[in-house]
Amino acid sequence: MSPVTPFVVAVDGPAGSGKSSVSKEVARRLGYGFLDTGAAYRALAWHAEASGIDTDDAASVISSLASFDYRIGTDPAGYAVHVGEADVTDAIRDPQISAVVSRVARVPEVRTHLIELFRAIMAADAAPGIVVEGRDITTVVAPDAPVRILLTASEDVRAARRSAELVGSSTSDVGEQMRRRDAADAKVVDFMTAADGVTTVDSTELDFDQTVEAVIGVIRSSQPVTG
Ligand SMILES: Nc1ncnc2c1ncn2[C@@H]1O[C@H](COP(=O)(O)OP(=O)(O)OP(=O)(O)O)[C@@H](O)[C@H]1O
Ligand SMILES: Nc1ccn([C@@H]2O[C@H](COP(=O)(O)O)[C@@H](O)[C@H]2O)c(=O)n1
């Protein structure tokens, strides 16, 4: 296993639970790096579609890894995702990518390849800590992280928050797409129940700032008091 930076904050949870937005803000406030792992699966789905590959065909998806020139920064203030020369930061959020991303994420060779990449990024990060978020971070990518959090919220609240971002989409359609993606992803990894040693932060009744503070509270309570 590759080495990881000394202070990793691992965050997982279901779709729309706030993993990326909350983790990014936590990292910004603490001066930590931020790694959005879902962006890599999304970018690979984008790359496969852009290359005319059938994302249902695992062998073709695996072969697309050879030309997958993926780059993501860890500065929470300068978040950007590139595949080759293309800036795909916005394109990978398209509902069309959300609809197919689970197909590439279920391929074991893809997961092995990307998990190695995530561990290398974590190990190379120069910040004093790094907040890493995605479906399997507390259980597979960084099971030994000193802080492990399952960020969640009720299905209705998650659907309402996500649909508020998407112009022209009803909450019920968005909720249905999230349910479908969570069901597909849950066949690969469990992100609905907290594993041993993982702290649950439920933001159903919290606003964004309260959720960020709750996560920072968990991080602070897990650090030894000095001085
Ligand atoms: N506590 C909160 N209160 C209000 N809005 C929130 C809260 N937490 C997150 N949000 C908002 O909910 C939306 C979904 O959050 P985000 O995209 O970070 O979720 P995610 O878990 O990364 O989703 P996905 O796995 O689908 O990428 C965003 O618009 C975010 O600003
Ligand atoms: N650690 C991860 C992260 C993501 N995935 C897959 O990617 C999809 C998109 O992730 P978002 O966090 O951006 O929503 C997600 O639905 C999973 O299919 C993963 O498998 N493991």
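A short reminder: the numbers here are calculations on the coordinates, not readings from a lab. Here the structure is a predicted model, which means the values were calculated and not measured. Because the Cβ atoms are built from the backbone with ideal geometry, glycine has one as well, and the counts that use them run over all protein chains shown.
Across the range 168-227, the qualifying residues are those that are basic (Lys, Arg) and surrounded by fewer than 16 Cβ atoms within 10 Å (Cβ to Cβ), and the one among them that is nearest to LYS24 (Cα to Cα) is ARG220. Only one of the listed residues (VAL110, VAL157, VAL100) is over 14 Å from ASP36 (Cβ atoms), in a helix (DSSP H, G or I) and away from ligand 1 (no atom under 16 Å from the Cβ). That residue is VAL110.
Residues in the range 177-211 that are farther than 30 Å from GLU109 by Cβ, assigned to a helix (DSSP H, G or I) and touching a helix residue (DSSP H, G or I) at 6+ places or on another chain (Cβ under 9 Å): PHE208, ASP209, THR211.
Which is surrounded by fewer than 21 Cβ atoms within 10 Å (Cβ to Cβ) and within 16 Å of ligand 1 (Cβ to nearest atom), of SER21, SER17, SER63, SER51?
SER21
Residues that are within 10 Å of ligand 1 (Cβ to nearest atom) and over 20 Å from PRO143 (Cβ atoms) within the range 175-201 comprise GLN177, MET178, ARG181, ASP182, listed in sequence order.
Every residue, every condition in (1) part of a helix (DSSP H, G or I); (2) closer than 22 Å to ALA120 by Cβ; (3) of a type in the set (D, E, K, R), yes or no:
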| site | (1), (2), (3) |
| --- | --- |
| ALA10 | no, yes, no |
| PRO14 | no, no, no |
| SER17 | no, no, no |
| VAL22 | yes, no, no |
| ALA39 | yes, yes, no |
| ILE53 | no, no, no |
| ARG71 | no, yes, yes |
| THR74 | no, yes, no |
| THR89 | no, yes, no |
